[in-house]
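First the structure, in the form of structure tokens, and then the observations on it.
The values are calculated or read from the model by the stated rules, or taken from the named source; none is laboratory data. Keep in mind it's a predicted model, so treat the numbers as computed, not measured. Here the Cβ is made from the backbone with ideal geometry for all residues, glycine too, and neighbour counts use every protein chain on show. Heads up: the accessible areas ignore ligands, DNA and RNA and are worked out on the full protein's heavy atoms, side chains in. Shrake-Rupley method; radii C 1.70, N 1.55, O 1.52, S 1.80 Å.
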Amino acid sequence: MARHSKLQKQILNLYRHFLRAGRDKPGFVPRIRDEFRENAGIKKTDFMHVEYLLRRGQRQLEQLRDNNTKQLGSFSRPDPRAGSRDPD
């Protein structure tokens, strides 16, 4: 069995905490899994990006644990293929 680095252990721990926190809120667990799978392709050597996502995830976990949190929101980039929809 391969040993995990400290950073990898922190990420796995964060993932487990997310799954536990999202268990009681409908629709959260699939979104959590998708987000982690999407970011699993980031190179292990890209420490800055990985650490940024780890800190961001920790902040999001605190929001998720809040009893007032009822749904997830996300920001998405506009589709460049959509072009301008300016009526002028």
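Looking across region 25-58 at every residue that is over 15 Å from GLN10 (Cβ atoms) and in contact (Cβ under 8 Å) with a residue 24 or more places away in the chain, the one that is farthest from the chain's Cα centre (by Cα) is identified as LYS25. Of all residues in region 2-14, those being open to solvent by less than 60 Å² (accessible area, probe 1.4 Å) and closer than 13 Å to PHE36 by Cα number 3.
Here is a yes/no grid of residues against (1) at pLDDT 65 or above; (2) in a loop (DSSP other than H, G, I, E, B):
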residue: GLU38; (1), (2): yes, no
residue: GLY41; (1), (2): yes, yes
residue: GLU51; (1), (2): yes, no
residue: LEU54; (1), (2): yes, no
residue: ARG59; (1), (2): yes, no
residue: THR69; (1), (2): yes, yes
residue: SER74; (1), (2): no, yes
residue: ARG81; (1), (2): yes, no
